[in-house]
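Below: one structure, written as structure tokens.
The values are calculated or read from the model by the stated rules, or taken from the named source; none is laboratory data. Every value quoted in this text rests on a predicted model; they were computed, and no experiment measured them. Every residue, glycine among them, receives a Cβ derived from its backbone with ideal geometry; neighbour counts consider all protein chains shown.
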Amino acid sequence: MSTSAFCYTALHMALETTKDLFYLILALAVGGVGVFLCWALYEMARLLHQGNQMVTETREKLLNVEKAVMRIKERIESSVSYLGVLAKSGTSIMSFFKNREERREKKRAKKTATEPDLDEEEDEDEEVES
């Protein structure tokens, strides 16, 4: 007997009735459903893993943002502590320059009050010459 005849005979003997064909198709269908469920389970696990990674990355980013906000807050708080000193210094500097300008104006006023204007002298000289 040849190999092809043996396969035909074995297959023919396995499928003697329609019930045997039904069981063969049922087995293939159950196997197909099993493969599909395995694939669906794998895809579901992959989806959940990606979701977990996304949540982890989002938490890390939010933590970094929170740290940055805290650093900014600390810098602002340390700057605010010096704000009073800076305000007093600015006030004293402004008053110094204001007093200095007032003194200069007083000196100019005294100087102009004691010295006659050069323009007036020139006008008088021109009148005398004419």
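Against the numbered list (1) under 54 Å from the mean Cα position of the chain (by Cα); (2) modelled with pLDDT under 95; (3) polar (S, T, N, Q), residue 50 comes up short only at (2).
Just to be sure before I move on: is residue 88 under 39 Å from the mean Cα position of the chain (by Cα) and at pLDDT below 95 in the structure I sent? In short, yes.
Listed residues 101, 43; which is modelled with pLDDT of 95 or more, out of contact with any helix residue (DSSP H, G or I) (no Cβ under 9 Å at 6 or more places or on another chain) and either assigned to a helix (DSSP H, G or I) or surrounded by 10 or more Cβ atoms within 10 Å (Cβ to Cβ) (or both)? Break it down stepwise before answering.
Numbers: 101 fails: modelled with pLDDT of 95 or more.
It is 43.
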